[in-house]
Each structure stands twice: as C-alpha cells, then as structure tokens.
C-alpha cells in the first residue's frame, strides 16, 4: 500500500469483522518490510487525527484497504502534517 491509501486496522480479537468496535480507520504514511506506518482517526471522529505527533507502526497483515473519508481529507491532512514538520513542498 502506498502513502495516502486509506485503511482499516482489524485487531486479532475482531476475527476479521470490519464492523467490530475496535477496528480503527486511517491512512498509510509509509512502508518498511512487513510493517506500514499509519495515521489513525479518532474513534467516532473520522477526519480528526487521534495523535498529531507520530505515525503508528502496524503489521501489514492487520490492514485492509477501506475508504473512510474523502480522499481530499487525506490530502489536506498530509499537507497540514508536512507544514507542521517543515516538509512542505
């Protein structure tokens, strides 16, 4: 999955159920080996980042591609993050 791909993190105890209350939605920021680094939305507040500090390491086998917000929200969030980190282009 490339950066900006929207995902759902499905923990083991959810047994593959994307409707389980512990499933988290977000997007990929980078990839390294069998791990993707992702930013996740606050629970019940899609489009608002859960943490503004860091991406979270997530095992690829717990991720499925799943859109949760418009792609424009992802683009705006990535731009905001790049500006905060001094990486704006």
State yes or no: is residue 74 surrounded by fewer than 16 Cβ atoms within 10 Å (Cβ to Cβ) and either modelled with pLDDT of 95 or more or not in a loop (DSSP other than H, G, I, E, B) (or both)?
-> no
Residue check for residue 23: in contact with a strand residue (DSSP E or B) (Cβ under 8 Å, 6 or more places away or on another chain) and closer than 15 Å to residue 65 by Cβ = yes
Among (1) within 17 Å of residue 2 (Cβ to Cβ); (2) surrounded by 12 or more Cβ atoms within 10 Å (Cβ to Cβ), the one test that residue 40 misses = (1)
From the list 47, 4, which one is touching a helix residue (DSSP H, G or I) at 6+ places or on another chain (Cβ under 8 Å), surrounded by 13 or more Cβ atoms within 10 Å (Cβ to Cβ) and assigned to a loop (DSSP other than H, G, I, E, B)?
-> 4
Would you be able to say whether some residue in the range 9-20 is under 21 Å from residue 82 (Cβ atoms) and either part of a strand (DSSP E or B) or under 10 Å from the mean Cα position of the chain (by Cα) (or both)?
-> no
Would you confirm whether any residue within the range 21-44 is in a loop (DSSP other than H, G, I, E, B) and on the phi > 0 side of the Ramachandran plot?
-> yes
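The values are calculated or read from the model by the stated rules, or taken from the named source; none is laboratory data. What you are looking at is a predicted structure, and each value in this text was computed from that prediction instead of being measured. Cβ: placed from backbone, ideal geometry, glycine included. Neighbour counts: every protein chain shown.
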